[in-house]
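Colleague: Sharing a structure, written as structure tokens. Questions coming.
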Amino acid sequence: MQTPESSYDRRRLRQWLSGEARADGVSRRDMLRLLAAAGLAGAAPVALSTPAAAGPTAPGIVKPLPEDLFTVRGTNAETRFAALAGTGYHTPNDRFFVRNHTSTPLLDAADWKLTVWGDGLNGNRAVDFSLADLKRLPSVTHSAFVECAGNGRSHFTSQQGQEVSGTAWTLGAIGVARWRGVRLADVLKRAGLGRRAVDVLPRGLDDDYVTADGTNLGRVRRPLPLSKALDDVLLAYEMNGAPLPPDHGHPVRVLVPSWVGIASVKWVGDIQVSARPLYSPWNTDFYRLFGDAHPQNGSAPLTRQTIKSAWELDAGANLTAGVTHRLTGRSWSGAGGVVRVDVSTDGGTRWSTARLHDAPRRDGWVRWSTPWRPPSPGIYTLLARATDTTGRTQPDATVHNTQGYLFDAVVRHAVNAM
Ligand SMILES: Nc1nc2c(c(=O)[nH]1)N[C@H]1C(S)=C(S)[C@@H](COP(=O)(O)O)O[C@H]1N2
Ligand SMILES: [Mo]
């Protein structure tokens, strides 16, 4: 009899050999282990060819992570904003950030199914959907960002001198893609959504998440109120015109526009529909605001993202003095489109408005540019401050919370003119 692990290894090997899973980023040692597990060692020399552009890898991420595109942070990969310069509105899949609690599972779309179940369904009857079932439903396409709630977290420390826990992202834990899929509302209706349903709980097929102190929190799952689930949430199977890549939830992920990234559960395998409010560590212990300025048990669970801006430059980038450069960047807000971006190249003494290259778009970002001629060699601090359709603007400092969520202050970006 085959253990589940060996059948997993065989499936993974099959996908890898058929080119479904990318060779790059899978180490030779891992491949040898898989070949041995599948009883194929020595039988497939093609599988052992060294990838052309092997860069640093993060454990569990399948796609290549070349240093000019990504900064690896533990099991995660942050997009380098400088690598977005000139890429257009949508973030190419090869440079979209990855946030993995554990590691990317390699799932076979043909074997995959989604089970919708729970006492919020009529008759409490579970219903399964294959990928083909989903593709028979009307498809919708929506451009939206996925952004980690902790994006910008490192600036609590570097800019405000405060301690926070979690991945030390700079500003690159965001990407905007064209997602295609079906409305979660359509799937819930087909499953027999009952009148008493209040919450849904999508759950990922990746491994259980075990915290640093050894506590097993089970599979990644976060309750979503039915009101949002029925509004604009998708079950996405395409990203920028391609089948969802393994690292971004293949074959199907939840896509919750404008909300914190944790809501957009990847590799979704089942969705509980409940007549009572649901809880998981991801809406009780995590993804609330804790700390001196917040209620004892934390704020309400986080929903929308906040407002941010980023320059498409590395921190400390070198620029030639006495020459006019076209500096570019992007700004976004979870509350509405960005309508204005003010920029300063002298640490905030003088400000001008950046030229916007996109109309304000809900759930997305705007690209902007500003000309700048560094007058003489030296260190300069660039600032960008966005304002959205609701009138919200970026503050000088963000109120502290212990887990470093929703950093929205203007980031001080040092560059070196030489
Ligand atoms: N199943 C599962 N879904 C998940 C995660 C995960 O680790 N497992 N990470 C979440 C978090 S915290 C974020 S920010 C986004 C990141 O999506 P991306 O990796 O496609 O950029 O996925 C979310 N969905
Ligand atoms: Mo996240």
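The values are calculated or read from the model by the stated rules, or taken from the named source; none is laboratory data. Predicted model only: the values in this text are computed from it and were never measured. Quick reminder, even Gly has a Cβ in these numbers, built from the backbone with ideal geometry, and neighbours come from all protein chains shown. For the accessible areas, the whole protein counts, side chains as well, though only heavy atoms, and no ligand, DNA or RNA atoms are used. Shrake-Rupley method; radii C 1.70, N 1.55, O 1.52, S 1.80 Å.
Colleague: Please work out if Ala149 is among the aliphatic types (A, V, I, L, M) and under 30 Å from Gly316 (Cα atoms).
Modeller: For Ala149, the condition - among the aliphatic types (A, V, I, L, M) and under 30 Å from Gly316 (Cα atoms) - is met.
Colleague: Filter region 372-389 down to residues that are under 14 Å from Val341 (Cα atoms) and either open to solvent by 30 Å² or more (accessible area, probe 1.4 Å) or aliphatic (A, V, I, L, M) (or both), then give me how many there are.
Modeller: Number of matching residues: 6.
Colleague: Regarding Arg326, is this residue open to solvent by less than 20 Å² (accessible area, probe 1.4 Å), outside the structural domain of Thr104 (by TED's automatic domain parsing) and either of a type in the set (D, E, K, R) or at pLDDT below 95 (or both)?
Modeller: Spelling it out, it is not the case that Arg326 is open to solvent by less than 20 Å² (accessible area, probe 1.4 Å), outside the structural domain of Thr104 (by TED's automatic domain parsing) and either of a type in the set (D, E, K, R) or at pLDDT below 95 (or both).
Yes or no, residue by residue, for (1) in contact with a His (Cβ under 9 Å, 6 or more places away or on another chain); (2) within 16 Å of ligand 2 (Cβ to nearest atom); (3) at pLDDT below 95:
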{"residue": "Ile271", "(1), (2), (3)": "no, no, no"}
{"residue": "Pro277", "(1), (2), (3)": "no, no, no"}
{"residue": "Asn283", "(1), (2), (3)": "no, yes, no"}
{"residue": "Leu319", "(1), (2), (3)": "yes, no, no"}
{"residue": "Ala335", "(1), (2), (3)": "no, no, no"}
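Colleague: Specify the residue that is nearest to Leu106 (Cα to Cα); the eligible residues are those in region 250-261 that are within 13 Å of ligand 2 (Cβ to nearest atom) and assigned to a loop (DSSP other than H, G, I, E, B).
Modeller: Here the answer is Val256.
Colleague: Let me ask something else. Among the residues of region 288-301, are any within 16 Å of ligand 1 (Cβ to nearest atom) and in contact with a Lys or Arg (Cβ under 9 Å, 6 or more places away or on another chain)?
Modeller: Yes, region 288-301 has at least one match.
Colleague: For region 210-239, how many residues meet the condition of being touching a strand residue (DSSP E or B) at 6+ places or on another chain (Cβ under 9 Å), of a type outside the set (Asp, Glu) and open to solvent by less than 50 Å² (accessible area, probe 1.4 Å)?
Modeller: Qualifying residue count for the region: 16.
Colleague: For region 131-219, which strands (runs of 3 or more DSSP E) that fit wholly inside it have 2 or more residues that are under 29 Å from Ser331 (Cβ atoms) and hydroxyl-bearing (Ser, Thr, Tyr)?
Modeller: Qualifying strands (runs of 3 or more DSSP E): 140-147.
Colleague: What number of residues within region 240-264 are more than 10 Å from ligand 1 (Cβ to nearest atom), open to solvent by less than 10 Å² (accessible area, probe 1.4 Å) and aliphatic (A, V, I, L, M)?
Modeller: Total meeting the criteria: 1.
Colleague: When you go through Gly166, Gly181, Gly172 one by one, which is the residue that is at pLDDT 95 or above and more than 11 Å from ligand 1 (Cβ to nearest atom)?
Modeller: None of the other options fit; the residue is Gly181.
Colleague: Give me the strands (runs of 3 or more DSSP E) completely within region 348-418, filtered to those with at least 2 residues that are basic (Lys, Arg) and more than 22 Å from the chain's Cα centre (by Cα), ordered by residue number.
Modeller: Of the strands (runs of 3 or more DSSP E) lying wholly inside region 348-418, none has at least 2 residues that are basic (Lys, Arg) and more than 22 Å from the chain's Cα centre (by Cα).
Colleague: Follow-up. With respect to Ser165, is the statement that it is among the polar types (S, T, N, Q) and surrounded by fewer than 16 Cβ atoms within 10 Å (Cβ to Cβ) true?
Modeller: yes
Colleague: Shifting gears a bit: So which of Ser154, Ser158 is more than 22 Å from Tyr237 (Cβ to Cβ) and surrounded by 19 or more Cβ atoms within 10 Å (Cβ to Cβ)?
Modeller: Exactly one of Ser154, Ser158 is more than 22 Å from Tyr237 (Cβ to Cβ) and surrounded by 19 or more Cβ atoms within 10 Å (Cβ to Cβ), namely Ser154.
Colleague: For the subset of region 168-204 comprising residues that are within 14 Å of the chain's Cα centre (by Cα) and open to solvent by 10 Å² or more (accessible area, probe 1.4 Å), which member is farthest from ligand 2 (Cβ to nearest atom)?
Modeller: Ranking the candidates gives Arg178 first.
Colleague: Name the single residue that is farthest from Val341 (Cα to Cα) among those in region 274-324 being outside any loop (DSSP other than H, G, I, E, B), of a type in the set (Gly, Ala, Ser) and under 21 Å from the mean Cα position of the chain (by Cα).
Modeller: Checked region 274-324; the qualifying residue farthest from Val341 (Cα to Cα) is Ala310.
Colleague: What's the total number of residues in region 329-347 that are buried (at least 18 other Cβ atoms within 10 Å of the Cβ), in contact with a strand residue (DSSP E or B) (Cβ under 6 Å, 6 or more places away or on another chain) and not in a strand (DSSP E or B)?
Modeller: Result for region 329-347: 3.
Colleague: State whether one or more residues within region 285-293 are surrounded by fewer than 17 Cβ atoms within 10 Å (Cβ to Cβ) and within 16 Å of ligand 2 (Cβ to nearest atom).
Modeller: Checked region 285-293: at least one residue is surrounded by fewer than 17 Cβ atoms within 10 Å (Cβ to Cβ) and within 16 Å of ligand 2 (Cβ to nearest atom).
Colleague: From the residues in region 120-139 that are out of contact with any strand residue (DSSP E or B) (no Cβ under 6 Å at 6 or more places or on another chain) and among the hydrophobic types (A, V, I, L, M, F, W, C), which one is surrounded by the fewest Cβ atoms within 10 Å (Cβ to Cβ)?
Modeller: The qualifying residue surrounded by the fewest Cβ atoms within 10 Å (Cβ to Cβ) is Ala132.
Colleague: Something else: Would you say Trp267 is open to solvent by less than 20 Å² (accessible area, probe 1.4 Å) and under 22 Å from Val164 (Cβ atoms)?
Modeller: Here the answer is no, as Trp267 does not meet what is asked.
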